[in-house]
Every structure is written in C-alpha cells, then in structure tokens.
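Just below is one structure, and these are the notes that go with it.
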C-alpha cells in the first residue's frame, strides 16, 4: 500500500486510490455484511465491469 502523503493545491492531504478503495470496501461491508478483504479485492480487480471509470479528482 502506498503510504506516501501527497498534498493538494490547497495544502491539504490527498487520499490515495488504495485508501479510497479501502474506505468504500469497509463502508459497503458494514452495510452488506460481506468481507472487507473480499470487497477490496473485487474493487481492485482488473476485470471489473467499471474499469473504464476513474475516481473523481481535482
């Protein structure tokens, strides 16, 4: 996992893609009762049907 901190134009920390994926996986796991690790793996999969979409950025 990338632990290097990046700062945005406004000097605030910018979350890494891996941290965003972890947050989405853990939130989904809480709501659905699924495993965080399983959801994280599915979100990182290269064969995802949403692979062409990227996360919003500034």
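List of remarks:
- Peptides 12-18, 36-42 ordered by packing proxy, namely the average of other Cβ atoms within 10 Å per residue, highest first: 36-42, 12-18.
- Relative contact order of region 7-47, pairs being alpha-carbon contacts under 8 Å that are 6 or more residues apart, as %: 30
- In this label model, residue 44 and residue 6 are separated by 1.7 nm, measuring between points 7 Å along each Cα→Cβ vector.
- Once the Cβ-Cβ distance of residue 13 and residue 35 is raised to the sixth power relative to R0 = 35 Å, the FRET efficiency obtained is 0.80.
Taken together, the values in this text are just the output of simple stated rules run on the coordinates, not laboratory data. These numbers were taken from a predicted model, which means no experiment stands behind them. When we count neighbours, we look across all protein chains shown, and the Cβ atoms used for this are built from the backbone with ideal geometry, even at glycine.
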